[in-house]
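Data first, discussion second: the structure below is written as structure tokens.
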Amino acid sequence: MVNFYRMATKREISNNEDLRKAINDLEAKVQVQKLEIQDNYEQVKENLRPKRVIKNTFSYVAETPEIQRTLVNTVIGFILGYASKKAVELLSEKSLDRTIHNMVNHHITKIENKEPGTLLSKGITLLRKHTPHDSPIYPFVRYK
């Protein structure tokens, strides 16, 4: 295409022929600019679609080392925070106490039910039946 931008802006127009030529040049220049504007509009329209904007943003993030480090550190922080919260919940006094009570109760029940006719089994049954609720060993020997 002819580059109309480099054409001289001042012309010597002395007759109708020069005037028509100048008008034709200006109309051609307008058409070229119109096509360039339409092409630029289509490119801008394509680049501003949400899908493209998100893709370009993530591409930028993926290429920027500072942002990558920040994202990695943030993810690690979230994981460590979640893990420490769960560890605190699991290692609380109440949780550990409940675990020990369940283990002791399970093994006492297992011994009691293994051979129901033995003296040990009968002793455990009597201990469970007659242990008062306010006794310190009651949580370990109660029936569930």
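Would you mind stating whether LEU26 is surrounded by 10 or more Cβ atoms within 10 Å (Cβ to Cβ), under 30 Å from GLU12 (Cβ atoms) and free of Cβ contacts under 8 Å to residues at least 12 places away in the same chain? Before the answer, list the steps.
On the way: surrounded by 10 or more Cβ atoms within 10 Å (Cβ to Cβ): yes; under 30 Å from GLU12 (Cβ atoms): yes; free of Cβ contacts under 8 Å to residues at least 12 places away in the same chain: yes.
Spelling it out, LEU26 is indeed surrounded by 10 or more Cβ atoms within 10 Å (Cβ to Cβ), under 30 Å from GLU12 (Cβ atoms) and free of Cβ contacts under 8 Å to residues at least 12 places away in the same chain.
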- [ ] Could you pull out the residue among ILE67, ILE100 that is out of contact with any strand residue (DSSP E or B) (no Cβ under 9 Å at 6 or more places or on another chain) and more than 30 Å from VAL141 (Cβ to Cβ)?
- [x] ILE67
Open item on the list: So the check is Cβ under 7 Å with 6+ separation or different chains; which pairs have a first residue in segment 126-140 that's free of Cβ contacts under 8 Å to residues at least 40 places away in the same chain and a second one that's among the hydrophobic types (A, V, I, L, M, F, W, C) and not in a helix (DSSP H, G or I)?
Closed with: THR131/ILE137
Open item on the list: Step by step: first the residues of segment 49-103, then only those that are surrounded by 10 or more Cβ atoms within 10 Å (Cβ to Cβ) and not in a helix (DSSP H, G or I), then the one that is farthest from the chain's Cα centre (by Cα). Which residue is that?
Closed with: SER92
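Bear in mind that the values in this text are calculations on the coordinates, not laboratory data. Every value quoted in this text rests on a predicted model; they were computed, and no experiment measured them. Every residue, glycine as well, gets a Cβ built from its backbone with ideal geometry; the counts of neighbours run over all protein chains shown.
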